[in-house]
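Below is one structure; the comments refer to it alone.
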Amino acid sequence: MTTFRRYFIREFLKYFVIILICITAISNVTEFLRLVDDFYDKRAPVYLIIEYLLLQSPRVILYALPFASLFSIMITIGIASKWRETIVVKAAGGSTKKLFSSFLLLGLIITLAALVLGETLVPAATRASTYTRKVKILKQSPKIIYKKEFLWMRGLDGSLVRIEGFVENENRILKTSIFNFDDSFGFEKRIEAKEAKWEDGIWKLNDVTVFDFRNNSTKKFESLITTALEEPNIFREEIKRPKEMNFMELYSYYSRLEKAGFKNLKYTVRLYDKLAYPSINFVMILFGIALALHSRWGGGMRAAGLGVIVSVCYWVLYAFSISMVNTGLFKPWLAPWVSPAVFCIAGSIMYMRIKE
């Protein structure tokens, strides 16, 4: 049994690596074609294009892992059935159910690897790829920088602006500080606002305190118009996206929004999705084993075709559960776990009913 187990694990890993390479290559080619006009217009050096595509690869691999897990186990068992290798195992007194149970441990290992990858390499590489494309290739100077959980930017009037966060769906900025300087770069004025909201094409500061250092005075205003801030689109383009943050960074950002009284369902779903998504790898291997050992389809392309059907069903259920967050049917923390839970339960039932 040990020999068979090692043989099938080698076969699984072979298909697993091939599928990951193919998906990553297809994704990189698609990304290159999408941006080829930008690369050509800016006369981007080949090494920068390669650097950008390589930095995109970790995120592609992370999202491709579940598909590779499912297709690899389906093809491995499918081909083993086609060539009567499973019959040989049974004839030797072995159990195919017990033989392929070792793949469940492999599924846990891939799940943990995906979790670590998603919390370390993927956010860092995604941020680096964004920087490479915008700054190195498109020659765009970054207008916003991050420091100690705050966003810093140069104001349109030459001031220095610090904001605590941007509420994307409301065009609203959290706690805002605007620092004005004189010609010798000495403090002239500091404006503190609880929030700023984009209304009728202008930024309106609310609950404002103005510290005038030149006249040594302090004034409070219920609201104030400012021309220091750019339009909201600059924040959508420049701020970190959920895919560029790990769990703790996204949790910290979401917590600041929540403390300020704003709840963004998209960020909440993405937050818990960072924990739920890696578990799909284990679920797909479990479901793939149960389905393949029940199926009489044989191996090769038929097994891969069955894997495609399973994947489509999985993502339809996932999209449905996420959409139900907006209707209130599912809580944001629950929605990302619905698909893994349903397929895990179905896979477990099928696995327990495998006949030897």
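The values are calculated or read from the model by the stated rules, or taken from the named source; none is laboratory data. Bear in mind the structure is a predicted one, so any value in this text is a computation, not a measurement. All Cβ positions, even for glycine, are placed from backbone atoms using ideal geometry, and neighbour counts span all protein chains on display.
Every residue in the range 218-240 that is surrounded by fewer than 16 Cβ atoms within 10 Å (Cβ to Cβ) and either at pLDDT below 90 or within 23 Å of ARG127 (Cβ to Cβ) (or both), please. Give the derivation first.
Step one: filter the range 218-240 for residues surrounded by fewer than 16 Cβ atoms within 10 Å (Cβ to Cβ), giving 218-223, 225, 227, 231, 233-234, 236-237.
Within the range 218-240, THR227, GLU231, ASN233, ILE234, ARG236, GLU237 meet the criteria.
I'm trying to understand the selection: among the residues of the range 249-270, which are assigned to a helix (DSSP H, G or I) and in contact (Cβ under 8 Å) with a residue 40 or more places away in the chain?
Answer for the range 249-270, where residues must be assigned to a helix (DSSP H, G or I) and in contact (Cβ under 8 Å) with a residue 40 or more places away in the chain: GLU249, SER252, TYR253, ARG256, LEU257, LEU265, LYS266, THR268, VAL269.
Pairs, please: C-beta under 8 Å, at least 6 apart or cross-chain, first residue within 20 Å of LYS219 (Cβ to Cβ) and outside the structural domain of VAL161 (by TED's automatic domain parsing) and in the range 176-205, second outside any strand (DSSP E or B) and modelled with pLDDT of 90 or more?
Between residues of the range 176-205 that are within 20 Å of LYS219 (Cβ to Cβ) and outside the structural domain of VAL161 (by TED's automatic domain parsing) and residues that are outside any strand (DSSP E or B) and modelled with pLDDT of 90 or more, there is no close pair.
Of the residues LYS243, LYS263, which single one is at pLDDT below 75, surrounded by fewer than 20 Cβ atoms within 10 Å (Cβ to Cβ), basic (Lys, Arg) and farther than 15 Å from LEU151 by Cβ?
Result of the check over LYS243, LYS263: LYS263.
Please work out which one of (1) over 25 Å from SER129 (Cβ atoms); (2) part of a helix (DSSP H, G or I) is the condition PHE235 fails and give its number.
(1)
Out of the range 321-354, which residues are assigned to a helix (DSSP H, G or I), without any contact (Cβ under 8 Å) to a residue 12 or more places away in the chain and not aliphatic (A, V, I, L, M)?
SER323, THR327, listed by residue number.
When you scan the range 209-225, do you find a residue that is closer than 18 Å to GLY165 by Cα, out of contact with any Phe, Trp or Tyr (no Cβ under 7 Å at 6 or more places or on another chain) and in the same structural domain as LEU156 (by TED's automatic domain parsing), even just one? Working first, answer last.
In the first step, residues of the range 209-225 are kept if they are closer than 18 Å to GLY165 by Cα; the result is none.
Scanning the range 209-225 turns up no residue that is closer than 18 Å to GLY165 by Cα, out of contact with any Phe, Trp or Tyr (no Cβ under 7 Å at 6 or more places or on another chain) and in the same structural domain as LEU156 (by TED's automatic domain parsing).
Does any residue in the range 54-70 that is under 18 Å from THR132 (Cβ atoms) come within less than 9 Å, Cβ to Cβ, of a residue that is in a helix (DSSP H, G or I) and of a type in the set (Asp, Glu) six or more places away or on a different chain, and which pairs are these?
GLN56/GLU31; VAL60/GLU31
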